[in-house]
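Below: one structure, written as structure tokens.
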Amino acid sequence: MIGIIGGYGNIGQWAATLLYENLQESIKIGGRSREKFDSFIKINKLPKAQYQYADIDDKKSIQKFASGCTSVLNCAGPTYDKSSGLGQIMRSMNIKYADVGYASKQQTDMEKNQSDILCKAGAIPGLSGLLPRYLAMKFDKVFSMEFYYQALGRFTKTAAEDYLKGIFINTKGEMPRKRECETRLLPLSSTAVNLYPYYDGESDYVRRKLSLDTGHWFMALEGECTKNFMNRMGALLTGNKGKIIEELCNATYIDTLGRKDYAGFVIQMKGEKDGKQKVKTLLLKGDSPEYLTGAVAASAVIAMEKMTINTETGELYSMDKVQEFMQILEKMGQGIQIHIENKSIEELLVTEEGEI
């Protein structure tokens, strides 16, 4: 039995559906609303799915929910201040635990080298740290990398809070006062995207793990309202945190009206293979940010069910079974496309005309 806390939410519904389809066994969905569960089950036709009340702030309800499960996935959030406590509950019950959300440094330190807990098990952070490591396996040595997370989609409150932590807090822990962006074309769409440099703990881990000479990380987002929000961020910093998150959610919502959501990665690497200089670009595109995150989370659970996983930090991006995980993700569903091309980004823009 697999348990999914928040399994009828924006991300959890995709994780629950994909786990149901791929494992072909009953699942248990936890949350605080039986009505939302019933509506979700009716729409998505998951007859073997069960409901049980679960509140991440109520330890007893979590223990009761987890009873009988081999793995539990938490898609409720934000949980960066709760994931360790939830993980400790699961560990005391000998249950594997995955969480799409953040863990603080203190929490992560407690979970290092554990095979039964995976935090940050989503698209970004999570898959965003695995993909460079996966692409680097195609080289004998990697010299440089350009990394882009490219997306058009509405932010949930959880996603907005996590996103703002990664994009606006620099390596000194300070908040920059201005975020003017550049624009450029990337292969996942025919529309120019706005580029926002970022560098977080996951980026630093990848840079050190791959021994990169140079590396550049960007959020590449579409939409004028989102762009205007980012450019005004300095003036907003003194305001109410909840209102800032709400404004980002509203900006991304307006930008998506009448357009199809998507999310994915464009990663270009230069390195050496068999004594020759090579360039390769990985392209991954998902149907929406929520779908991609849900698919990664579901893949994390399947990976934990099928094999022993070790990590350096307790987080998905540092897991040891990179190729095995990617094989699971590629089989997950029709909503994800993955390609590795022996071309640069600029060459792809000419040959693919902005689409994959």
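So which of 44, 94 is closer than 23 Å to residue 306 by Cα and either at pLDDT below 90 or of a type outside the set (Asp, Glu) (or both)? Selected residue: 94, the only one of 44, 94 that is closer than 23 Å to residue 306 by Cα and either at pLDDT below 90 or of a type outside the set (Asp, Glu) (or both). What number of residues in the stretch 262-303 are under 17 Å from the mean Cα position of the chain (by Cα) and either of a type in the set (A, V, I, L, M) or not in a strand (DSSP E or B) (or both)? Residues that pass the stated criteria total 23. Of the strands (runs of 3 or more DSSP E) lying entirely inside the stretch 2-100, those containing at least 1 residues that are in contact with an Asp or Glu (Cβ under 9 Å, 6 or more places away or on another chain) and crowded, with 21+ Cβ neighbours inside 10 Å are 2-5, 27-31, 71-74, 96-99. Of all residues in the stretch 206-230, those that are in contact (Cβ under 8 Å) with a residue 12 or more places away in the chain and more than 30 Å from residue 135 (Cα to Cα) have Cβ atoms under 8 Å from Cβ atoms of residues that are among the basic types (Lys, Arg) and not in a helix (DSSP H, G or I), 6 or more apart or on another chain, in 230/179. The lone criterion from (1) surrounded by fewer than 15 Cβ atoms within 10 Å (Cβ to Cβ); (2) on the phi > 0 side of the Ramachandran plot left unmet by residue 342 is number (2).
Quick check on residue 223: is it modelled with pLDDT under 90, of a type outside the set (S, T, N, Q) and in contact with a Lys or Arg (Cβ under 8 Å, 6 or more places away or on another chain)? For residue 223, the condition - modelled with pLDDT under 90, of a type outside the set (S, T, N, Q) and in contact with a Lys or Arg (Cβ under 8 Å, 6 or more places away or on another chain) - is not met. Tally time: how many residues in the stretch 253-309 are out of contact with any helix residue (DSSP H, G or I) (no Cβ under 8 Å at 6 or more places or on another chain), acidic (Asp, Glu) and crowded, with 20+ Cβ neighbours inside 10 Å? Selection size over the stretch 253-309: 1.
Scanning the stretch 310-324 for residues that are closer than 30 Å to residue 24 by Cα and either surrounded by fewer than 23 Cβ atoms within 10 Å (Cβ to Cβ) or hydroxyl-bearing (Ser, Thr, Tyr) (or both) returns 310, 311, 317, 318, 320, 321, 322, 323, 324. Note on the stretch 192-223: among residues that are assigned to a loop (DSSP other than H, G, I, E, B) and within 20 Å of the chain's Cα centre (by Cα), the one that is nearest to residue 248 (Cα to Cα) is 222.
Selection of the stretch 101-139 for residues being assigned to a loop (DSSP other than H, G, I, E, B), modelled with pLDDT of 90 or more and in contact with a Ser or Thr (Cβ under 6 Å, 6 or more places away or on another chain) yields only 123. A single entry from 74, 22 fulfils the requirement of being in contact (Cβ under 8 Å) with a residue 40 or more places away in the chain, within 24 Å of residue 122 (Cβ to Cβ) and touching a strand residue (DSSP E or B) at 6+ places or on another chain (Cβ under 7 Å): 74.
The values are calculated or read from the model by the stated rules, or taken from the named source; none is laboratory data. Note that the structure is predicted; figures quoted are calculated from it, not measured. Virtual Cβ from ideal backbone geometry, glycine too; neighbours counted across all protein chains shown.
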